[in-house]
Amino acid sequence: MEYQLDFRTYSNALRKNRLMGLKCNRCGTVTCPPKMTCQECAGTDLEITELSGRGTITTFTTTYVAPWKGRSKRLTPLSWSSLTKAPGSRAT
Ligand SMILES: [Zn+2]
């Protein structure tokens, strides 16, 4: 099994202000950031889709300690959010 949308492609799109995800052809859920399977049904029939970049933040948290060593001062604080874009889709 391989990634439909690898991290490099996803990151390069973000640098161009484009948010990419994977739409599940089984249940319609959009998984973002991309994973190997649908976050809702674990299906593997996924297609790359571009998200509009608009949505509603349902929750968020801020981390002041980097989850890895190294450039932590430059990368913190990190904010993680969960947002809903449309019925059946959620991005974290
Ligand atoms: Zn699914």
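The values are calculated or read from the model by the stated rules, or taken from the named source; none is laboratory data. These numbers come from a predicted model, not from an experiment. Methodologically, a virtual Cβ is constructed for each residue, glycine included, from the backbone with ideal geometry; neighbour enumeration extends over all protein chains shown.
Okay, residues lined up against (1) within 13 Å of the ligand (Cβ to nearest atom); (2) under 20 Å from S81 (Cα atoms); (3) of a type outside the set (S, T, Y); (4) loosely packed, with under 14 Cβ neighbours inside 10 Å:
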position: M1; (1), (2), (3), (4): no, no, yes, yes
position: L5; (1), (2), (3), (4): no, no, yes, no
position: R8; (1), (2), (3), (4): no, no, yes, yes
position: S11; (1), (2), (3), (4): no, yes, no, yes
position: L14; (1), (2), (3), (4): no, yes, yes, yes
position: L19; (1), (2), (3), (4): no, yes, yes, no
position: G28; (1), (2), (3), (4): yes, no, yes, no
position: G53; (1), (2), (3), (4): no, yes, yes, yes
position: T58; (1), (2), (3), (4): no, yes, no, yes
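Would you pick out the residues in region 18-60 that are more than 12 Å from the chain's Cα centre (by Cα) and at pLDDT below 90?
Within region 18-60, S52, R54, G55, T56, I57, T58, T59, F60 meet the criteria.
Can you confirm whether region 1-15 contains a residue that is of a type outside the set (S, T, Y) and in contact with a Phe, Trp or Tyr (Cβ under 8 Å, 6 or more places away or on another chain)?
No, every residue in region 1-15 fails to be of a type outside the set (S, T, Y) and in contact with a Phe, Trp or Tyr (Cβ under 8 Å, 6 or more places away or on another chain).
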